[in-house]
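Scroll down for the structure; my scribbles are underneath it.
The values are calculated or read from the model by the stated rules, or taken from the named source; none is laboratory data. The structure displayed is predicted, hence computed values, not measured ones. Note: ideal-geometry Cβ built from the backbone for every residue, glycine included; neighbour counts use all protein chains shown.
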Amino acid sequence: MIQKTYVMLKPDAIARRYIGKILTRFEDKGLKIVAMKLRMISEEIAKEHYGEHKDKPFFDGLIKYITSGPVLTMVIEGDEAISVVRKLSGATNPQEADFGTIRGDFGMDTGRNIIHSSDSPESASREINLFFDEDEIIDYSMSDESWIYE
Ligand code: IDP
Ligand code: MG
């Protein structure tokens with residue numbers, strides 16, 4: 001099933017100049033970027049986005065981290081895109097993430113783990129709505145789609 005997922009390159013990815021390398025992985029895989037914005041996140045939006053973790057000991061540090069510099073917010077589309085992008089992202093702890101994944105290749109610390117990606121259809125639609133207006137999500141096709149999907 002074609003799905004949309006919310007993906008965010010965190011401030012460390014931007015500061016360490018990994019935008020190009022990470023986007024290349026999504027493009028090479030055959031996924032389609034249908035919305036994208038470099039922006040700062042307010043503390044309020046950060047707290048809403050990570051609401052499920054509000055009672056965790058790492059919550060304050062997480063909010064500080066994610067609001068500390070620009071993030072690259074995206075909506076990425078593709079067949080089963082939610083689980084495919086989670087797999088490309090790798091395990092939450094970059095030291096445990098497999099090599100070949102974004103976190104496994106670029107990170108060393110759970111508190112600096114490079115990328116966010118939605119974990120379910122419910123989170124994806126909640127997060128997409130939190131960061132994008134409907135008219136910012138672009139419906140288009142790419143000329144190689146018949147070579148990506150049967
Ligand atoms: P996920 O990003 O792989 O879905 P979650 O468990 O939902 O992982 O945690 C959300 C984010 O909170 C993580 O990506 C990471 O930035 C941060 N985080 C999670 N656990 C820890 C921790 O133990 N220490 C510091 N930061 C953490
Ligand atoms: Mg999560």
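The numbered conditions (1) under 12 Å from V85 (Cβ atoms); (2) under 12 Å from the mean Cα position of the chain (by Cα); (3) crowded, with 19+ Cβ neighbours inside 10 Å are all true for A13 except (1). Would a scan of segment 94-101 turn up a residue that is in contact with a Lys or Arg (Cβ under 7 Å, 6 or more places away or on another chain) and in contact (Cβ under 8 Å) with a residue 24 or more places away in the chain? No. The residues in segment 100-115 that are within 19 Å of V34 (Cβ to Cβ) and away from ligand 1 (no atom under 16 Å from the Cβ) can be counted, and the count is 0.
Results for (1) at positive phi; (2) within 12 Å of ligand 1 (Cβ to nearest atom); (3) in contact with a Lys or Arg (Cβ under 6 Å, 6 or more places away or on another chain), shown as yes or no for each residue.
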site: D79; (1), (2), (3): no, no, no
site: V84; (1), (2), (3): no, no, no
site: S117; (1), (2), (3): no, yes, yes
site: S120; (1), (2), (3): no, yes, no
site: E127; (1), (2), (3): no, yes, no
site: Y140; (1), (2), (3): no, no, no
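For segment 122-135, the tally of residues that are more than 18 Å from E44 (Cα to Cα) and exposed (fewer than 14 other Cβ atoms within 10 Å of the Cβ) stands at 3. Among the residues of segment 86-99, those identified as within 9 Å of ligand 1 (Cβ to nearest atom) and either exposed (fewer than 15 other Cβ atoms within 10 Å of the Cβ) or of a type in the set (A, V, I, L, M, F, W, C) (or both) are A91, T92. Restricting segment 47-63 to residues that are assigned to a helix (DSSP H, G or I) and over 20 Å from D12 (Cβ atoms), which is farthest from ligand 2 (Cβ to nearest atom)? Per the criteria, the residue is E48. Within the option set S117, S68, S143, being more than 14 Å from ligand 2 (Cβ to nearest atom), polar (S, T, N, Q) and in contact (Cβ under 8 Å) with a residue 12 or more places away in the chain holds for one residue only, S68. Within segment 40-57, residues that are within 16 Å of S123 (Cβ to Cβ) sit with their Cβ atoms under 6 Å from residues that are part of a loop (DSSP other than H, G, I, E, B) and polar (S, T, N, Q), at 6+ positions apart or across chains, in these pairs: A46/T67. For G69, the requirement of being over 21 Å from S125 (Cβ atoms), of a type outside the set (V, I, T) and in a loop (DSSP other than H, G, I, E, B) is met. In segment 92-105, the count of residues that are away from ligand 2 (no atom under 16 Å from the Cβ), farther than 19 Å from A15 by Cβ and either assigned to a strand (DSSP E or B) or at pLDDT below 95 (or both) is one or more. The number of residues in segment 1-57 that are farther than 24 Å from T101 by Cβ and among the polar types (S, T, N, Q) comes to 1.
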